1. K72 passes all but one of (1) out of contact with any Lys or Arg (no Cβ under 9 Å at 6 or more places or on another chain); (2) free of Cβ contacts under 8 Å to residues at least 40 places away in the same chain; (3) assigned to a helix (DSSP H, G or I); (4) surrounded by 16 or more Cβ atoms within 10 Å (Cβ to Cβ); which number fails?
2. Just one of the numbered conditions (1) closer than 25 Å to E101 by Cα; (2) among the polar types (S, T, N, Q); (3) at pLDDT 95 or above is not true of S29; which one?
3. Please indicate, with yes or no, whether at least one residue in the stretch 159-176 is of a type in the set (D, E, K, R), assigned by TED's automatic domain parsing to the domain that holds N121, over 22 Å from D139 (Cβ atoms) and surrounded by 17 or more Cβ atoms within 10 Å (Cβ to Cβ).
4. So which pairs qualify, if the first residue must be in the stretch 169-189 and touching a residue at least 24 places away in the same chain (Cβ under 8 Å), the second must be basic (K, R) and assigned to a strand (DSSP E or B), the Cβ gap must be under 7 Å, and the two must be at least 6 apart or on different chains?
5. What tally of residues in the stretch 132-146 results from selecting those that are surrounded by 20 or more Cβ atoms within 10 Å (Cβ to Cβ) and either of a type outside the set (V, I, T) or at positive phi (or both)?
6. Is the stretch 114-122 home to any residue that is outside the structural domain of F18 (by TED's automatic domain parsing), more than 28 Å from F61 (Cβ to Cβ) and among the aliphatic types (A, V, I, L, M)?
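The values are calculated or read from the model by the stated rules, or taken from the named source; none is laboratory data. Computed from a predicted structure; not experimentally measured. Neighbour counts run over all protein chains shown; Cβ positions are idealised from the backbone, glycine included.
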Amino acid sequence: MILMDYRYVKAFEFNFNFGTLLSVDFSSSSEDSDLINITEEIFNEIRDCIKVRGIPSLIWFKGITNTINPSKFKLITKMIKAVYPKQKIGIYLNCGIFQDEDVRNIFYGCDLVAINLNSVNNFQFSKINKCPESINSMDVLEGIIEFSKNFNGKLGIYTMFLKGINDNIKNVEKLKEFLLEVMPDHYSVSNYTLDGFEPVSKEFKEDLKEILENLPFNVIYMF
């Protein structure tokens, strides 16, 4: 159910994999927003929604893309755990955030972390993965590997394939090599068709499934 009465809390819905999800989107905030006021506003929305609809299986955060929002997330999770100590927390993150060790360390306390990673190739890494140009691809990938070794929750990797951009066998094979090093709990793939992008070909989908066949973790095809 989409919620219209809140600025940050966007939905309270059922998910077959995780149960009831309360979705929170940070993208409505900005870097120059007052840290304390924003965290209190988000927490108050979460608490109000829980009073009305009950405690969710998972509070699901997204929209954290810069150096200040992780600080907001850290404060909010601390506030949530103080009131709801058993509440599970999940987060969806762009791969670029894993370059900074201090930032990625914030997310070790989560129960579920899903990372968007569309390509591991150095060429146009920032563009394909929608990261800042200052991002170093090797630092990002090494950061994800390091995080996976120390993270005790559930880890997912999510790839969006864009026709003519990353829908090629070389990219898939490189992704597979990286996935086998990270060993996530699950890997999800989808086809990005917004902004004028056409669907990837049937042949690519068949090749993709063949290459990813028999991976030692769950692969979810979202097309």
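1. Evaluating K72 over (1) out of contact with any Lys or Arg (no Cβ under 9 Å at 6 or more places or on another chain); (2) free of Cβ contacts under 8 Å to residues at least 40 places away in the same chain; (3) assigned to a helix (DSSP H, G or I); (4) surrounded by 16 or more Cβ atoms within 10 Å (Cβ to Cβ) leaves (2) as the failure.
2. (3)
3. yes
4. D185/K154
5. Going through the stretch 132-146 one residue at a time, the tally reaches 3.
6. no
For every residue, the table says whether it meets (1) over 15 Å from D25 (Cβ atoms); (2) surrounded by fewer than 19 Cβ atoms within 10 Å (Cβ to Cβ); (3) not aromatic (F, W, Y).
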position: V52; (1), (2), (3): yes, yes, yes
position: W60; (1), (2), (3): no, no, no
position: T77; (1), (2), (3): yes, no, yes
position: A82; (1), (2), (3): yes, yes, yes
position: P85; (1), (2), (3): yes, yes, yes
position: G90; (1), (2), (3): no, no, yes
position: D102; (1), (2), (3): yes, yes, yes
position: F107; (1), (2), (3): yes, no, no
position: L117; (1), (2), (3): yes, no, yes
